[in-house]
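Shown next, in structure tokens, is the structure this report addresses.
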Amino acid sequence: MKKVLKNVSFMIFLLKSCLFLSQDLDAKKVIVIDPGHGGKESGAIGINGIQEKDVVLDIAEVILKLNKKLDEPLDIYLTRYTDTLISLCDRITLAKAIKADLFLSLHCNHSDNPNARGVEAYVANQSSGFSEEAIWLAFQLQADLNKKLGFESRGVKFADFQVLRETINDFPSVLVELGFLSNWDEARYLMKEKNVLAIVLTILKGLEIKKLGYD
């Protein structure tokens, strides 16, 4: 992903120009980005051979790099920094140990139907004091990926995924599926560095809005 950061100064300027910094900038929020799968667990394998574990780790790494270049960077941690399999329990334990304010799990989709496409976001199917914030961010992310990048929106859904279920009482948690690796168009899209950069900028904007201060 070395070429991703070419011309990054201009891209950062564009990102800053559309952020809404209405909250106290001194109060940093701790955000945990969870690149799904890893190691022997490849996740979905694309029609062109790309693996979900690699796609989401690339995206997470670029999020870290671009975040550091912001004037007011968010406090972001990853659940894995390399191609290593980390158990779901350990990912959850890490997020709780560092007292995360948000947990965002990144994944890619797969379907037996090669025409299936689009992005979707998941939140826990149980309610808690953090449900409203999680749903708000889930809608924000999938709507931005639709409007700004042209991904078809498959909406926000409720699920019993472990990373959502076991964090509902601790912080807002969202799992986002960033397109279908079984779809030729989306698999090719996710292989291009400029498109990864566009996805990262969209995610960062969503995280930056009001510094997670949901009014």
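The values are calculated or read from the model by the stated rules, or taken from the named source; none is laboratory data. For clarity, every value in this text was computed on a predicted model and none was experimentally measured. Neighbour counts are summed over all protein chains in view; Cβ atoms, including those assigned to glycine, are modelled from backbone coordinates with ideal geometry.
A few comments on the model shown:
- Residue list for segment 120-172, filter: more than 15 Å from the chain's Cα centre (by Cα), part of a loop (DSSP other than H, G, I, E, B) and either in contact (Cβ under 8 Å) with a residue 60 or more places away in the chain or under 17 Å from Ile203 (Cβ atoms) (or both): Gly150, Glu166, Thr167, Asp170, Phe171
- Scope segment 118-139; condition of a type outside the set (Gly, Ala, Ser), within 27 Å of Ile45 (Cα to Cα) and surrounded by 20 or more Cβ atoms within 10 Å (Cβ to Cβ); matching residues: Val119, Glu120, Tyr122, Val123
- Near pairs, Cβ below 6 angstrom, 6+ apart or cross-chain, from segment 177-188 (over 14 Å from Asn146 (Cα atoms) and in contact (Cβ under 8 Å) with a residue 60 or more places away in the chain) to any residue that is buried (at least 24 other Cβ atoms within 10 Å of the Cβ) and among the hydroxyl-bearing types (Ser, Thr, Tyr): none
- Test result for Ala121, at pLDDT below 95 and small (Gly, Ala, Ser): no
- Across segment 87-119, the qualifying residues are those that are over 18 Å from the mean Cα position of the chain (by Cα) and of a type in the set (Asp, Glu), and the one among them that is farthest from Leu204 (Cα to Cα) is Asp112.
- So Tyr77, is it hydroxyl-bearing (Ser, Thr, Tyr), closer than 21 Å to Leu141 by Cβ and either out of contact with any helix residue (DSSP H, G or I) (no Cβ under 8 Å at 6 or more places or on another chain) or outside any helix (DSSP H, G or I) (or both): yes
- Residue within segment 157-176 that is touching a strand residue (DSSP E or B) at 6+ places or on another chain (Cβ under 9 Å), surrounded by 16 or more Cβ atoms within 10 Å (Cβ to Cβ), under 14 Å from Val119 (Cβ atoms) and among the basic types (Lys, Arg) present: no
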